[in-house]
Amino acid sequence: MDLINIVATLIKIILLFAISLTAVAFCTWLERRGAAWIQGRRGPCRVGPFGLLQPVADGIKFFFKESFVPEKSNKFFYLAAPILTLTIPFLAMVSIPFAENLYILNHEIPMRIARFDSGILLVIAFTGLEVYPVMIGGWASNNKFSVLGSLRAASQMIAYEISMGLALLSMILVYGTFDMNEMVRFQEKWMWGCFINPIAALIFWFSIFAETNRLPCDIPEGESEIVAGYHLEYGAMKFALFFMSEYVAMIMASALIATLFFGGYSLLPGFSLVEKGIVALFSIRSEIVNHNLFIIFQLLSIFLKIAFFMFVFIWVRWTLPRFRFDQLMDLGWKILFPLALANVLLMGIVSYFFIYR
Amino acid sequence: MVTKTLNVSRKHEIKEKFYLIAVLQGMWITLKYFCRGFFLWKSYTINYPEEKRNYSQRFRGMHFISYDENKIENCTACYLCQTVCPAECITIIAEERDPLKNPSGVWKEKKPKSFDIDALRCCFCGMCEESCPKDAIKLSRNYELATRTREQAIYNLDHLKREVKGRG
Ligand code: SF4
Ligand code: SF4
């Protein structure tokens, strides 16, 4: 690893952090504004134009609030949970590709932070970790509502992790690779994964809701039943970290869904020809510059897709009511799990006879 | 005790059991509302301190005492409102009216020396308004009754004789 790669990696890390945290701030605004629009209200509209500075005001408020630790809590784990909860979704984002490789000064720079050939496995590993901060936070704050919330989170995440993993497995069968760049290239050449394997797309989509604790599956923090669930005892910036991690996890999940099922950084199948045509309009001779310009389109298209899925997250939240706990477990174990298993079998047959003939 | 249970049939058709269609319908409805808010800026909320809701003429808010063109209150201190008030929040002290001070108006014997209404006790029933023979005491449409101290919530004669246009 030479100097340019190290510098590039550092820049990528900083960019990913900056962009996703800005996106988080914007998303909290959109969440509240969108909720207001759906319900015929106004939403935050006082701070700044259209209330856009509301997240900044919230941030200032969070910083200046008293940061307290409950007396009977387990201090170390109590403080560790909010840190972990923001770290893990970021870690999962490490191996999601946002574009093809970039070429600078004869160096190939992959447009994802870490170059893993089996990137998808890393993502699964880190999304699996997402349950730990929730459990640790709930248990360490020594409050029965928190413990109830974290227990619910644990059972829910275990139930849905399985169907999510099986849905992923069926997609891996279809694409025949663990490399997410390859998956995107496959979709560019054939068609979007959600058309090849709609059942897996549905299962994955629903499991993602359960994984990120979003409505209709926000049972771990069901306000009407267990106050605020696992982050009940957290205040000030520690709560804000939990809050932000939810949105970072949503961004990560959106990027994952976009890459797996909706063509990733290629806007539409076959659309790269159009993009290359637009690049050719600039009539730049250099092959490498053309390729790098082309990458801007790819970045834009994955950004568009992530934004759309973030909107869907918010849209679904303000449409559907919360599931009852037994309904959620029924759906997870009795419907999605067998369906995902059958789907893996089906996709095995389909990919054996139709795709890899 | 034997508890009776009533079994309600929750049988759904296959179509209903496959909730996805219902979910999509719901999402379509919320999308319509979202677009209405996003593109047309339609909302049912009133931007309160800037815009105020217009209540009906019959709304019963802060009291006022009407006066004639010489700024002389119509009240003759007959004590009817004080008597009828169910919350007993009106306190009137009467005194004799100087006839020379009101040459053009109707001649009245008495006038209130002090007229206090304790708005903290008042239930805004409007009975004082109904009972008043001179249409003196009335309830305006002003609903912003918040005060900084409890004393400010006791309206004296000066406050009650403030200028109120129509019903405020
Ligand atoms: S509105 Fe009712 S309670 Fe209030 S002062 Fe008049 S009579 Fe009394
Ligand atoms: S306000 Fe009306 S009812 Fe009350 S004392 Fe005066 S004249 Fe009588």
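Observations, loosely collected:
- Test: residue in the stretch A:111-133 that is within 18 Å of A:GLU225 (Cα to Cα) and open to solvent by less than 10 Å² (accessible area, probe 1.4 Å): no
- Residue ID - most open to solvent (accessible area, probe 1.4 Å), chosen from residues in the stretch A:189-245 that are in contact with a Lys or Arg (Cβ under 7 Å, 6 or more places away or on another chain) and within 27 Å of A:ILE335 (Cα to Cα): A:LEU215
- Consider the stretch B:25-72 and keep the residues that are more than 8 Å from chain A (Cβ to nearest Cβ) and in contact with a Ser or Thr (Cβ under 6 Å, 6 or more places away or on another chain). The one that is farthest from A:PRO44 (Cα to Cα) is B:PHE64.
Each row is one residue, and each column tells you yes or no for (1) farther than 22 Å from A:GLU246 by Cβ; (2) open to solvent by less than 30 Å² (accessible area, probe 1.4 Å).
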{"site": "A:PRO82", "(1), (2)": "no, yes"}
{"site": "A:THR85", "(1), (2)": "no, yes"}
{"site": "A:ALA92", "(1), (2)": "no, yes"}
{"site": "A:PHE98", "(1), (2)": "no, no"}
{"site": "A:LEU102", "(1), (2)": "yes, no"}
{"site": "A:LYS144", "(1), (2)": "yes, no"}
{"site": "A:SER150", "(1), (2)": "no, yes"}
{"site": "A:ILE158", "(1), (2)": "no, no"}
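- Here A:SER20 meets the list (1) modelled with pLDDT of 85 or more; (2) open to solvent by 30 Å² or more (accessible area, probe 1.4 Å); (3) among the polar types (S, T, N, Q) almost entirely, failing just condition (2).
- A search for C-beta distances below 7 Å between a residue of the stretch B:113-130 that is without any contact (Cβ under 8 Å) to a residue 40 or more places away in the chain and any residue that is open to solvent by less than 40 Å² (accessible area, probe 1.4 Å) and within 6 Å of ligand 1 (Cβ to nearest atom), counting only pairs 6+ apart in sequence or on different chains, returns B:ASP118/B:CYS89; B:ARG121/B:ALA87; B:ARG121/B:CYS89; B:CYS123/B:ALA87.
- Every residue from the stretch A:317-357 that is more than 30 Å from A:ALA36 (Cβ to Cβ) and within 21 Å of the chain's Cα centre (by Cα): A:GLY332, A:LEU336, A:ALA340
- The number of residues in the stretch A:31-85 being in a loop (DSSP other than H, G, I, E, B) and within 14 Å of chain B (Cβ to nearest Cβ) comes to 8.
The values are calculated or read from the model by the stated rules, or taken from the named source; none is laboratory data. Computed from a predicted model, the values in this text were never measured in an experiment. Don't worry about glycine lacking a Cβ; one is built from the backbone with ideal geometry, like all the others, and counts go over all protein chains shown. Accessible surface is based on the protein model in full, side chains and every heavy atom, while ligands, DNA and RNA are left aside. Shrake-Rupley method; radii C 1.70, N 1.55, O 1.52, S 1.80 Å.
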